[in-house]
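Trainee: Sending over a structure as structure tokens; questions will come in a sec.
A short reminder: the numbers here are calculations on the coordinates, not readings from a lab. Computed from a predicted structure; not experimentally measured. Methodologically, a virtual Cβ is constructed for each residue, glycine included, from the backbone with ideal geometry; neighbour enumeration extends over all protein chains shown.
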Amino acid sequence: MLSHNVIKELTNIVGKDNIQTSKEDLICYSYDATNQKFLPDAVVFPKNVSEISLILKMANSEGFPVVPRGAGSGFSGGSLPVEGGVIVSLERMNKILKIDADNLIAIVEPGAVTGELQWEVEDLGLFYPPDPSSLKFCTIGGNVAECAGGPSAVKYGVTKDYVLGLEVVLPTGEVINTGTQTIKGVVGYDLTKLMVGSEGTLGIVTKIILKLLPLPEATKTMLAVFSDMRDAAAAVSRIISLKIIPSALEFMDKESISCVEEYSSIGLPADVEALLLIEVDGAKELIEKQAESVKKICLDSRAREVRIAGDKKEAKKLWQIRRAISPSLAKLKPNKINEDIVVPRNKIPEAIIGIREIAKKYSLTNANFGHAGDGNIHVNIMIDKTDRGEVARAEEGVKEIFKLVIDLGGTISGEHGIGIFKMSYIGMELSKPAIDVMKKIKQVLDPKGILNPGKIFPE
Ligand SMILES: Cc1cc2nc3c(=O)[nH]c(=O)nc-3n(C[C@H](O)[C@H](O)[C@H](O)COP(=O)(O)OP(=O)(O)OC[C@H]3O[C@@H](n4cnc5c(N)ncnc54)[C@H](O)[C@@H]3O)c2cc1C
């Protein structure tokens, strides 16, 4: 509970129109995409770095938690105020401050929506590749905090590959600038990389310098249908080993395909084991050739059928199949445990077979899809939360899946972060000394533990 004086001081900092304390307003900021709810004591909407600095200084002197929040689309509970306190919503700091076409950079405020930045730079013939599926509503600040990525990661990398520099308010209220506006820059430790992916626990990002690329001339989209998942995996390996790096290489398993078909009657054959959605981009003549090579590789890998989109409209239709998976899974069970594991690309069949065996062992409903090009598989365990037995079996199953993934040389999270949901598993992947170093970094930057407490590290 915040004291009357603290509320008064916060109101002085942000102005009376930019603070909310009524229950109905607080409820709107009590959840994210995980379906969990924790009520904050207040939500503030600062408009600049100085206001955020004052809020954090006050949090240190008064001892209340502060939780940064972008669009609240996170899948790991990072923006949830698990210990109450003040939500700092970055939604008013949403400007694209500069697009510098000569130097191929953009400077943005953290609340800028990812898709809006992409569309603005595209109008100038430029390209900001990181493309989380949530890009129509998630923010660049949230992307930086989670190091978000999407289908284009296979060719273009993830958010960390585009962040050149940051302005950050440290938990103590001091403001620092990290990195540079140039591609090169090696002065001192790389604090930019430390901040990216720190899940809002080491500082509040208030300005971001991003690298841009020239917009590829054209794209070509294809869908390949396989009767055997191993053939699809072999096609993925062959495409990459022939040095064709697609701009997207997405995979759907049998269960995902049948859910999509029931949900939207696209005309996918019922007895299919795997689909690959493949996109290549670049100069027009080059991608025509690459598309033909990819088609041949898929057919040589025993694809039953390869559809190449003739124009943008057809390409959009093929992408609709991929985008329909997530909503269509709801027909299986009302609740979803959505894990974003990653394995080396050539271990995908082994991972899927292992995950299916684990699901069978614990009588769980499971569907898998994701980014085959970079080994990032979205493992969905569909459950009914009111069935306690099923929930307990799912927890056991998830733990076993993580063990399998680590044994295969992979990682338990490629995109969504640890937040509160994977806290109890980080010791499976990281050694104690590595976790201790991370905790010491947190302690140095946030000695009073006021910024986003209760995240990443289990008690
Ligand atoms: C339908 C759907 C599809 C998704 N698809 C993808 C996907 O393809 N790839 C992917 O990577 N993720 C995906 N996500 C997850 C989510 O969109 C990303 O993690 C995204 O980066 C979160 O952005 P946000 O603005 O919603 O941040 P929030 O959810 O508000 O916050 C996420 C974390 O960032 C911190 N934070 C927010 N702003 C700041 C700031 N300015 N400074 C410091 N910390 C901050 C918060 O404290 C929190 O820890 C998806 C989510 C949904 C709902």
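Trainee: Of all residues in region 126-163, count the ones that are part of a loop (DSSP other than H, G, I, E, B) and not hydrophobic (A, V, I, L, M, F, W, C). Show your work before the answer.
Mentor: From region 126-163, those part of a loop (DSSP other than H, G, I, E, B) are 128-138, 147-152, 157-158, 162; that's our starting set.
Checking the rest, the ones that are also not hydrophobic (A, V, I, L, M, F, W, C) come to 128-134, 136, 149-152, 157, 162.
Selection size over region 126-163: 14.
Trainee: Quickly run through region 203-240 and pick out the residues that are crowded, with 20+ Cβ neighbours inside 10 Å, hydrophobic (A, V, I, L, M, F, W, C), assigned to a strand (DSSP E or B) and more than 16 Å from the ligand (Cβ to nearest atom).
Mentor: The answer is M222, L223, A224, F226.
Trainee: Looking at this structure, is L277 more than 30 Å from V49 (Cβ to Cβ), in contact with a Lys or Arg (Cβ under 6 Å, 6 or more places away or on another chain) and within 15 Å of the ligand (Cβ to nearest atom)?
Mentor: The answer is yes for L277.
Trainee: Does region 241-274 hold any residues that are crowded, with 17+ Cβ neighbours inside 10 Å and part of a helix (DSSP H, G or I), and which are they?
Mentor: The answer is K254, E255, S256, I257, S258, C259, V260, E261.
Rundown of residues vs (1) within 16 Å of the ligand (Cβ to nearest atom); (2) not charged (D, E, K, R), yes/no style:
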site	(1), (2)
W319	yes, yes
L329	yes, yes
N335	yes, yes
N338	yes, yes
V342	yes, yes
N346	no, yes
E357	no, no
T365	no, yes
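Trainee: Hey, among the residues in region 90-115 that are under 20 Å from the mean Cα position of the chain (by Cα) and not in a loop (DSSP other than H, G, I, E, B), which one's farthest from G197 (Cα to Cα)? Steps first, answer last, please.
Mentor: The initial filter retains those residues of region 90-115 that are under 20 Å from the mean Cα position of the chain (by Cα), namely 90-91, 94, 108-115.
Adding the requirement that they be not in a loop (DSSP other than H, G, I, E, B) leaves 108, 113-115.
On the way: V108: 18, V113: 18, T114: 16, G115: 20 Å.
Per the criteria, the residue is G115.
Trainee: Next question, about the same structure. So N380 clears everything in (1) touching a Lys or Arg at 6+ places or on another chain (Cβ under 8 Å); (2) of a type in the set (S, T, N, Q); (3) farther than 23 Å from G427 by Cα except one condition, right? Which one?
Mentor: (3)
Trainee: For region 119-177: of the residues being small (G, A, S) and more than 8 Å from the ligand (Cβ to nearest atom), which is surrounded by the most Cβ atoms within 10 Å (Cβ to Cβ)?
Mentor: Initial filter on region 119-177 (small (G, A, S)): 125, 133-134, 141-142, 145, 148-150, 152-153, 157, 165, 173.
Now drop any that are not more than 8 Å from the ligand (Cβ to nearest atom), which leaves 125, 152-153, 157, 165, 173.
Values: G125: 10, S152: 22, A153: 25, G157: 14, G165: 21, G173: 17.
Once the filter is applied, the top-ranked residue is A153.
Trainee: If a residue has to be within 13 Å of the ligand (Cβ to nearest atom) and farther than 15 Å from N452 by Cβ to count, how many in region 54-80 make the cut?
Mentor: 3
Trainee: A further question follows. Select, from I13, I7, I87, the only residue that is in a strand (DSSP E or B) and free of Cβ contacts under 8 Å to residues at least 60 places away in the same chain. Quick ask: steps written out before the conclusion?
Mentor: Details: I13 fails: in a strand (DSSP E or B); I7 fails: in a strand (DSSP E or B).
So the residue among I13, I7, I87 that is in a strand (DSSP E or B) and free of Cβ contacts under 8 Å to residues at least 60 places away in the same chain is I87.
Trainee: Also, quick follow-up: When only residues in region 74-99 that are buried (at least 19 other Cβ atoms within 10 Å of the Cβ) and among the β-branched types (V, I, T) count, which is nearest to L117 (Cα to Cα)? Explain how you work it out, then say what you get.
Mentor: Just the residues of region 74-99 that are buried (at least 19 other Cβ atoms within 10 Å of the Cβ), to begin with: 74-81, 85-90, 93, 99.
Right, trim to among the β-branched types (V, I, T) and you get 86-88, 99.
Numbers: V86: 28, I87: 25, V88: 22, I99: 9 Å.
That would be I99.
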